[in-house]
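*Asks:* There's a structure below that I have some questions on.
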Amino acid sequence: MRRLYAILIAAGFVYMMLSFLGVVPGYGNIDLCSRVSSSFLLKDVSEQNAKNWLMAKGLETKSIEKVYGEKNKEDGCANVVTSIVVNYRSFDTLGEVTVLFTAALGVGLILGGTRRKKYGLLPNFVFRESTRILVPLIILFGAYIFVHGHLTPGGGFPGGTIIAAAALLLYLADEEFFLSKVSTGALEGSMGGLYVIAGLLGLAIGGYFLYNFLPTGRVGNLISSGIVPIVYTFIGLKVGAELSGLITDLHSEEG
Amino acid sequence: MSVFITALVLWLLLTNFSYSELIVGILVSIAVAGVFKEYHGIKFDGKLPIRLVLYIFVYLPVFIVEMIKANIDVAARVLNPKLPLNPGFVKVKTALKSPMARLFLANSITLTPGTLTLEGKEDAFYIHWIDVKTLEKKEEAISGRFEGILKGVFE
Amino acid sequence: MSWNEMLGQILMVVGGFFYFLGGLGMIRMPDVYNRLQAGTKATTLGTFSTVLGVGIAYPPFLIKSLIIIAFVALTNPVGSSVLARASYLAGVKPAPITKVDEYKGGESS
Amino acid sequence: MITAFFVLVAAGVILSFIRILLGPTSSDRVAALDTMNVMLIGTITVIALILKRGIYLDIALVYGLLSYLETVVISRYMEGRK
């Protein structure tokens, strides 16, 4: 009976995969690469490319400012979601970071101890050594994700989560490793404070909270879109420190 | 220092090259190397280029040939209707000392025909072997091909 | 279709065949250690072949494909090794045809 | 040819999925899940090739990292439970 159920569910899975085959277009038949946002994402925003795109759509090449110029003027983000999350609705993001901070604080109050919980078994040798190689590279990858948050999908929250994943890997691989609570607390507190200070600087310079006061630059470069990458760096470090502290709390015991 | 160089190379591979990327990459790599001043397993010295050349031109071809042989082996076993298996857990001694060389040896053992590393102790690996032929010559049959090469590359 | 796309697609189909072998090994092998053997080897070579095929068929992806290959080569054997040791220590019995056992109930501490 | 790839991968994924549903012990299930995850990494890169989006390669890398973490966490949990 169990096998029958298994085969039935697998047949449903087959049907799902086959229906997916119809959705995927054939090789070379896709038109996505001529979309504007795609050329922003691939950092190929030269004017010649824009002209080619407009010619292909049958539009006049005079409207090139309409496609590229305005976006460049306003916020300079290639990624629309980032420009909404960190530029237009940045106060909302500050609130979200505060919610996460409160959750981490609650877990720390309830579960926080000063000693590390031991598994009682040494981890596998292969796992120990490979973790020692992997962890710095994983943290670098997390930094890559949140520094490039305004160019590619990603940003502070996924980057911070990847940093916390590296911390979890360290806890699993090393019996002695214990992240000191002072360092994570100091990092998260200072990053949250810097976020608010960036907002207050915007208030002082531009007249309202979290004003984008730096020049926006050219879309597609790394140094563009004003304070957005800086704020995303703050958010990424803060979320990474918070989630690492949460993992530390879950790994510690009283006494 | 070695962490810094590795991190910077990985950063430049991940991004398209420009000067601002280079500057930010240097900053991030300094931060990562500062955090992992003590806890890391990436260490190398001035002989790195020789080792890299040796690694690419001596180790990798042997490794890839062994991997393709492993897969043909697995395919033959899986597609055979009689399923010829004779599994067992064996202990294999090794002479390698540096952790990196032993890590690569363990991974090579896992990816070559019919063997899977379970655990490494001070001087030995415990291995699940899918087809135990003999118990005397097991070192030569399992790890002999790689051990000399890795000793030359890493030590 | 140029030669590199052709080569890339051939590599991809070879990789898909190894993926299929991995799935078949998962079904046919008698116990968890043999299953891990089949699964790990077949999927690692399948991923090498597929991702290298993608990199060859479209050269702008080549560098990131190599990074993915290095990552999979470093993590996949480690993962299966950890899982094999864990299932041994958790008391999963090997299949009855297993003759030799020099690991003896996990003499690690 | 891409269609042939998808058919082969679908067959492999379905076989390991049946193993997830049947598996007598939980380590069988985790092994099958690990195999399936690696297959999906390859599939994501092929989809990146079809749609010509470099972003999906990053997604494949993150997916690989998370699947590795999942395998390791479940393994350590099973070890400690004994």
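*Asks:* Obtain the nm distance between the two label points defined at A:T102 and D:E70 by a simple spin-label model: each point lies 7 Å from its Cα along the Cα-to-C-beta direction.
*Replies:* 3.1 nm
*Asks:* Bin width 10 Å, origin at 0, all Cα-Cα pairs of the stretch C:3-89: what percent of pairs per bin?
*Replies:* Going from the shortest bin to the longest, the percentages are 19, 41, 27, 11, 2, 0.
*Asks:* Continuing with this model, one more query. If R₀ is 41 angstrom, what is the calculated FRET efficiency for the pair D:T3 and B:V35, using the beta carbon separation as r and rounding to 0.05?
*Replies:* Approximately 0.30, to the nearest 0.05.
*Asks:* Now a separate question. Could you run the Karplus curve 6.51 cos²θ - 1.76 cosθ + 1.60 with θ = phi - 60° over the stretch C:60-74 and give me ³J(HN,Hα) per residue in whole Hz, x for Gly and Pro?
*Replies:* The phi angles translate into x, 8, 5, 5, 5, 4, 5, 5, 5, 4, 5, 4, 5, 5, 7 Hz.
*Asks:* Please give the peptides A:95-102, C:24-31, B:108-115, C:40-47 ranked by average Cβ packing (other Cβ atoms within 10 Å per residue), highest first, as a rough proxy for protection. If you can, show how the numbers build up before the last one.
*Replies:* Working: A:95-102: 14.2, C:24-31: 21.8, B:108-115: 23.2, C:40-47: 28.2.
Peptide ranking by packing, descending: C:40-47, B:108-115, C:24-31, A:95-102.
*Asks:* May I ask you to order A:135-146, C:12-23, A:169-180 by the average number of other C-beta atoms within 10 Å around their residues, highest value first? Provide the component values of the computation, followed by the final result.
*Replies:* Values: A:135-146: 24.5, C:12-23: 26.5, A:169-180: 16.8.
Those peptides, ordered most packed to least, come out C:12-23, A:135-146, A:169-180.
*Asks:* Also, quick follow-up: May I ask for the Kirkwood hydrodynamic radius of the stretch D:36-82, worked out over all distinct Cα pairs and given in angstroms to one decimal? Mind showing how you got there, number by number?
*Replies:* Numbers: mean 1/r = 0.0855 Å⁻¹.
In the stretch D:36-82 this quantity evaluates to 11.7 Å.
*Asks:* Sticking with this one: Spin-label point model (7 Å from Cα, Cβ direction): what's the B:K151 to A:L18 distance in nm?
*Replies:* Roughly 5.7 nm, to one decimal.
*Asks:* Same structure, new question: Calculate the mean, over all residues of peptide A:198-210, of how many other protein chain Cβ atoms lie within 10 angstrom of the residue's Cβ.
*Replies:* So the per-residue partner count for this stretch is 0.
*Asks:* Using only atoms on other chains, find how many Cβ atoms lie within 10 Å of each Cβ of peptide D:55-67 and report the average.
*Replies:* Per residue, the number of nearby Cβ atoms from other chains is 6 on average.
*Asks:* According to a simple spin-label model (label point 7 Å from Cα along Cα-to-Cβ), what is the distance in nm between B:I72 and B:L52?
*Replies:* 3.3 nm
*Asks:* Roughly how crowded by other chains is peptide A:153-166, in terms of the mean Cβ count from those chains within 10 Å of each of its Cβ atoms? Don't jump to the answer; show the numbers that get you there.
*Replies:* Details: counts 5, 4, 0, 0, 0, 2, 0, 0, 2, 5, 0, 0, 5, 2.
Counting other chains' Cβ atoms within 10 Å and averaging over A:153-166 gives 2.
*Asks:* What FRET efficiency comes out for the pair A:L203/A:I110, r = Cβ-Cβ distance, R0 = 45 Å, nearest 0.05?
*Replies:* 0.80
*Asks:* How fast does the stretch B:48-154 diffuse by Stokes-Einstein, in µm²/s, taking the Kirkwood radius from C-alpha pairs at 10 °C and 1.306 mPa s?
*Replies:* The calculation lands on 109 µm²/s.
*Asks:* Would you please give the FRET efficiency between C:I27 and A:L250, computed as 1/(1 + (r/R0)^6) with r the Cβ-Cβ distance and R0 = 41 Å, to the nearest 0.05? Kindly include the intermediate steps, with their values, before the conclusion.
*Replies:* Values: r = 37 Å, r/R0 = 0.90.
Between C:I27 and A:L250 the formula returns 0.65.
*Asks:* In the structure shown, do any of B:K91/C:K93; B:K97/C:K93; A:K181/A:K238 have a Cα-Cα gap over 23 Å, and if so which?
*Replies:* Values: B:K91/C:K93 18 Å; B:K97/C:K93 33 Å; A:K181/A:K238 14 Å.
The answer is B:K97/C:K93.
*Asks:* List the residues whose amide H sits under 5 Å from the amide H of B:E119, counting only those 5 or more places along or on another chain, with H placed 1.01 Å from N in the peptide plane.
*Replies:* B:Y126
Values quoted throughout were computed directly from the atomic coordinates according to the rules given, and no laboratory measurement underlies them. For clarity, every value in this text was computed on a predicted model and none was experimentally measured. Methodologically, a virtual Cβ is constructed for each residue, glycine included, from the backbone with ideal geometry; neighbour enumeration extends over all protein chains shown.
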